[in-house]
Amino acid sequence: MSKEPVAVVGVGQTKHVAARRDVSIAGLVREAARRALADAELTWADIDAVVIGKAPDFFEGVMMPELYLADALGAVGKPMLRVHTAGSVGGSTALVATNLVAGRVHGTVLTLAYEKQSESNAMWGLSLPIPFQQPLLAGAGGFFAPHVRAYMRRTGAPDTVGSLVAYKDRRNALKNPYAHLHEHDITLEKVQASPMLWDPIRYSETCPSSDGACAMILTDRAGAARSPRPPAWLHGGAMRSEPTLFAGKDCVSPRAGKDCAADVYRQAGIADPRRDIDAVEMYVPFSWYEPMWLENLGFADEGEGWKLTESGVTELDGDLPVNMSGGVLSTNPIGASGMIRFAEAALQVRGQAGEHQVEGARRVLGHAYGGGSQFFSMWLVGAEPPSS
């Protein structure tokens, strides 16, 4: 039996900020969920199941939070699933919800992801010991900086590329009212003059710590027909993982990322992603990961990703816009960051992205990764239903 077509008919986000002290975690997730319901013009009664995700429970210290969030999400007496795949969890949560609809288990599903970093300490929560290495890193940047340096050595990329990405994404964020960082006085010179945190990653080339939540309403063909607004249709979605460390692992361009993208492209009938995909919402917590993922996802040949960034291809008005919303570099409620990428891709093909809308966007990729570049989740959404 063929899969049921899946459509995104509602998207809701909170305003992402450093600290939402006015609400509890329950209040935060409910805010995003209600906005998604309002966008879809549905009520809690229309939801058949809830799929929720977040990053590690030890961030906030609330273990198995989904148990106490059922009330806030209208899930009492309904199936509720929890997903966790490190930083990629927002994307994989959406894909689990997608599969429930595609498999005709449920007709309409609310999926949501969140993080309240103001009630946690992700910096030290992510400073985990690495086997057989000296304990010298601090935070995720300390883990990923050597991978960035390896990319620079491998490709000969100039050390200015990271600042170009950060400058672009922070300017894009000014067009997104939900973005955390709105740096109206941002200049390329300020980015390049910011302190070095983890060589070659500067302070302005890193993601912030945000409180926020993102929610989507996913439904079947019948539900999409009742939608008051254009839906975004799923054309392909996949998850892949690999160990953190193993002999032969390519930390610069992980095999799991390549395989995940290839599966999505196969499902969606994408022969040439550079030509067939209009824009990308990519998980870039440190600016250098834009050119690295451009290669990993097949948008550029090996060693050529940084040239796309440097030549302006990934600008909002470029040939392949990347992170039109400002990306993870401007908004990072870790558990929700991947879902925001997926949701922003959906907004683009629905024509509802506001000032950061890419004109004529018909097919957009949402991308998330997590852990030690080991968990990947991606989906491709389109303005038209997938061909059967």
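The values are calculated or read from the model by the stated rules, or taken from the named source; none is laboratory data. Nothing here was measured: the structure is a model prediction, and the numbers come from that model. Here the Cβ is made from the backbone with ideal geometry for all residues, glycine too, and neighbour counts use every protein chain on show. The accessibility values were calculated without ligands, DNA or RNA, using every heavy atom of the protein model including side chains. Shrake-Rupley method; radii C 1.70, N 1.55, O 1.52, S 1.80 Å.
Rounded to the nearest 0.05, what FRET efficiency is calculated for Ala225 and Lys190 with R0 set to 35 Å and r the Cβ-Cβ distance?
0.10
What's the local net charge at Ser24, with K and R +1, D and E -1, over the other residues with C-beta under 13 Å away?
Spelling it out: positives minus negatives among the neighbours equals -2.
Okay, helix-only estimate at 222 nm for the chain: each DSSP H run of n ≥ 4 adds -39500 (n - 2.57), divide by all residues, round to 500 deg cm²/dmol; what do you get?
Helices in the chain give a 222 nm mean residue ellipticity of -9500 deg cm²/dmol.
So which lysines pass the test for Lys249, namely a Cα distance under 18 Å, with those fewer than 8 places away in the same chain ruled out?
Lys258
Evaluate the distance, in nm, between pseudo-label points positioned 7 Å from the Cα of Asp159 and of Asn99 along their respective Cα→Cβ axes.
4.5
Please calculate the 1.4 Å probe accessible area of Asp46, with all protein chains present, and give it to the nearest 10 Å².
Accessible surface of Asp46 is approximately 60 Å².
What ranking, highest mean first, results for peptides 221-230, 5-14 when packing means the other Cβ atoms within 10 Å averaged over each residue?
Highest-to-lowest ranking by the protection proxy: 5-14, 221-230.
Could I have the simple spin-label model distance between Ala247 and Arg275, label points 7 Å from Cα toward Cβ, reported in nm to one decimal?
So the label points at Ala247 and Arg275 sit 4.1 nm apart.
Using only the heavy atoms of the protein chains and a 1.4 Å probe, how would Lys249, Lys175 rank by accessible area, largest first?
The most accessible residue leads, giving Lys175, Lys249.
So, taking all protein chains as they sit and a 1.4 Å probe, how much accessible area belongs to Tyr167, in Å² rounded to tens?
We get 60 Å² for Tyr167.
Just by accessible area at a 1.4 angstrom probe, what is the order of His84, His182 from largest to smallest?
Descending order: His84, His182.
Answer rounded, prolate or oblate for the range 272-388, using the Cα gyration tensor with square roots of eigenvalues a ≥ b ≥ c: rounded when a/c is under 1.5, else prolate when a/b is larger than b/c, else oblate.
The shape class here is rounded.
Along the positive direction of the dipole of the chain (beta-carbon charges: Lys, Arg +1; Asp, Glu -1; about the Cα centre), which of Phe246, Val51, Gln374 reaches farthest?
Most positive-ward Cα: Val51.
Largest first, what is the accessible-area ranking of Ser330, Ser209 with a 1.4 Å probe?
Ser209, Ser330
Springs between alpha-carbon atoms under 10 Å, Gaussian network over the chain: tell me which of Ala368, Ala94, Ala150 tops the mean-square fluctuations.
In this elastic network of the chain, the residue with the biggest mean-square fluctuation among Ala368, Ala94, Ala150 is Ala150.
Taking the Cα centre of the chain as origin, sum charge times position over the Cβ atoms of Lys and Arg (+1) and Asp and Glu (-1), and report the length of that vector in debye to the nearest 20.
520
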